[in-house]
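Below is one structure, written out as structure tokens; comments come after it.
Taken together, the values in this text are just the output of simple stated rules run on the coordinates, not laboratory data. Predicted, not measured: the structure shown is a model, and the values here were computed from it. Here the Cβ positions follow ideal geometry from the backbone for every residue, glycine too, while neighbour counts run over all protein chains shown.
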Amino acid sequence: MSLIKSISGIRGTIGGNVGDNLTPLDAVKFASAYGSWLLKRNATKNTKLLVVIGRDARISGKMISSLVSNTLVGLGIDVIDLGLSTTPTVEVAVPLENADGGIIITASHNPKQWNALKLLNEKGEFLNAEDGSLILDMAENDAYEFAEVDDLGVYTKAKNYVQKHIDEVLNLELVDVEVIKKANFKVVVDAVNSTGGIFIPALLERLGVACVKLYCEPNGQFPHNPEPLKEHLGDISKLVVEENADCGIVVDPDVDRLALVCEDGSMFGEEYTLVACADYVLSKQVGNTVSNLSSSRALRDVTQKYGGSYKASAVGEVNVVQLMKDSNAIIGGEGNGGIIYPASHYGRDSLVGVALFLSLLANKKMSCRALRDSYPSYFMSKNKIQLTPQIDVDKILETMASNYQNEDVSTIDGVKIDFENEWVHLRKSNTEPIIRIYTESNTQKNADNLAARIITEIKSIIN
């Protein structure tokens, strides 16, 4: 069991010992630090602060949400609770409510025993490193003071944010609602029994898309590993074929990652979710794109085809967003199926991804499989090595960078080694005690072989 503190929030397993797991005391402590940081940041404000919170459907979500909201109230901060929601919905709600911040109670793609607090600023965007570090310091030093009884915050439950978020998506200029409706699509949705089972079918209904629901009951009982990877998606692949559907849509528990399944049951590839959405946006407006170092070269190829410029950031949504702002990118995201479309907001949003992808598919008038085959073919292998306290990760990364110093090596985030026709990216995860090992090549065999070779080299360093 584990508790991971980072600039983006706190994440851990439910139960166990204080300080070692995400216990009620840890949730209160971290919510207190975040609220105190907001109060200090807004010290000259004459009115009460306001924070928007929402949660995915995890079994522990209601407990953690109650602890967090009441802690904020105890600090004298008003709370608007969206209840069962999505990460992008909370991000959209923060500016709509003129709030001072937001908290999403979700552990994203982690299994059901995990939960987390994801922290937002007044723009509905994830905190930068400096702000995150201040909150961590406050949590370590118990640097907070609670409000007296007449100054307590007010707790309010929000309504209708499913439709408010969907309205925001459908009002985007490039979302072609009428063409999607005319296409008469039939889609299977796997929402891993979390809040995507509420939001994605509601969006599809507004788009005139027939929806077959698979694991859409938001009860937090994940029927398979919630990370939307090929090895976890056998059920939807089978059902898409059985239902003669045009495609399958898969989201993770907090609905910021989008994976797609072709009509023949094959994977569209989570790396290619962003590629397809970028292809559509760039076909309408020339501009720049950004993804992270662990994402496919295919986005670079599509961007350059339209005359735009592509850049790669360190892994982490806040890093992608900052580089998008710096380079004036019109779309970006992460190769894990995360779409960031600034015309909507600076956050990964599967609702936006679904709407853009279906707009592309309807306008192209081609099958999902044919669309996938139209893009440059790269193949990835995603692996990991479990860490123990005895493993010196920095030494491993330094040694690997030294071993390949004659290649194109980047160390802005772990170590990325670019070869002529393939690459490998090694980095310590921010959310799990693992080293991630991503490779990409021109065939799956080559990608797998590169990964196996690198893993062998890392293990020789460890041993």
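Starting from the 7 Å offset along Cα-to-Cβ, what nm value, one decimal, do you get for the label separation of Ala452 and Lys182?
So the two model labels end up 5.1 nm from each other.
With +1 assigned to the C-beta of every Lys and Arg and -1 to the C-beta of every Asp and Glu, and no other charges, what is the dipole magnitude of the stretch 3-159 about the Cα centre in debye, to the nearest 20?
Taking the Cα centre of the stretch 3-159 as origin, the dipole is about 580 debye.
So between Lys395 and Tyr306, what do we pick up on full extension, going 0.36 nm a residue minus the alpha carbon distance?
Result for the pair: 27.9 nm of gain on full extension.
If I model a spin label as a point 7 Å beyond the Cα along the Cα-Cβ vector, how far apart are those points for Asn403 and Asp235 in nm?
Between Asn403 and Asp235, the label points sit 4.0 nm apart.
Among Leu351, Gly101, Asn288, which residue has its Cα positioned farthest towards the positive end of the charge dipole of the chain, with +1 placed on the Cβ of Lys and Arg, -1 on the Cβ of Asp and Glu, and the dipole taken about the Cα centre?
The Cα lying farthest towards the positive end belongs to Leu351.
If I model the stretch 324-432 as equal point scatterers sitting on the Cα atoms and use the Debye formula, what is log10 I(q)/I(0) at q = 0.12, 0.21 Å⁻¹?
-0.67, -1.21
Taking the mean number of other Cβ atoms within 10 Å as a proxy for protection, how do you rank 393-399, 194-200 from highest to lowest?
194-200, 393-399
For the chain, give me every cysteine whose Cβ has no other Cys Cβ within less than 4.7 Å, ordered by residue number.
By the Cβ distance rule, which asks for a partner under 4.7 Å, the isolated cysteines are Cys211, Cys216, Cys277.
For the stretch 3-159, what does the convex hull of the Cα positions come to per residue, in cubic angstrom?
Taking only Cα atoms, the stretch 3-159 has a hull volume of 102 Å³ per residue.
With charges set only on the Cβ (+1 for Lys and Arg, -1 for Asp and Glu), what does the dipole of the chain come to about its Cα centre, in debye to the nearest 20?
The dipole magnitude comes to about 640 debye.
Which log10 I(q)/I(0) values, to two decimals, does the stretch 108-154 give at q = 0.13, 0.32 Å⁻¹ under the Debye formula with one point per Cα?
Cα-only, vacuum Debye calculation for the stretch 108-154: -0.51, -1.04.
What order, most packed first, do the peptides 167-179, 241-253, 416-428, 139-151 have when packing is the mean number of other Cβ atoms within 10 Å of each residue?
Ranked from most to least packed, the peptides come out as 241-253, 416-428, 167-179, 139-151.
Counting Lys and Arg as +1 and Asp and Glu as -1, each charge on the Cβ, what is the dipole of the stretch 231-271 about the Cα centre in debye, to the nearest 20?
For the stretch 231-271, the charge dipole is close to 60 debye.
For Thr47 paired with Ile462, estimate the spin-label separation in nm (one decimal), with each label point 7 Å from Cα along the Cα-to-Cβ line.
It works out to 5.4 nm between the two label points.
Grab every C-alpha pair in the stretch 379-462, bin the distances at 5 angstrom width from 0 up to the longest one, and report whole percents.
Taking every Cα pair in the stretch 379-462, the percentages come to 3, 16, 28, 27, 18, 7, 1, 0.
Within the chain, which complete DSSP H helices have Cα atoms spanning at least 24 Å along the helix axis and a mean Kyte-Doolittle hydropathy of -0.5 or higher?
Taking the DSSP H segments of the chain (at least 24 Å long, mean hydropathy at least -0.5), we get 24-41, 444-462.
Taking the Cα of Ile434, stepping 7 Å toward and past its beta carbon, and measuring to each backbone N in the stretch 280-300: which are under 20 Å?
The answer is 292-296, whose backbone nitrogens lie closer than 20 Å to the label point.
Report the relative contact order of the chain, percent, no decimals, based on alpha-carbon pairs under 8 angstrom and at least 6 residues apart.
Relative contact order comes out at 12 percent.
Express in % the proportion of alpha carbon pairs of the stretch 164-373 at distances exceeding 22 Å.
Above the 22 Å cut-off, the stretch 164-373 has 43 percent of its Cα pairs.
Nearest 500 deg cm²/dmol is fine: what mean residue ellipticity at 222 nm does the chain get from its DSSP H runs of n ≥ 4 alone, each adding -39,500 (n - 2.57), divided by its residue count?
Value at 222 nm, helices only, nearest 500: -12000 deg cm²/dmol.
At q = 0.09, 0.18, 0.21 Å⁻¹, what is the log10 ratio I(q)/I(0) for the stretch 122-258, with the Debye formula run over Cα points and no solvent?
-0.43, -1.07, -1.26
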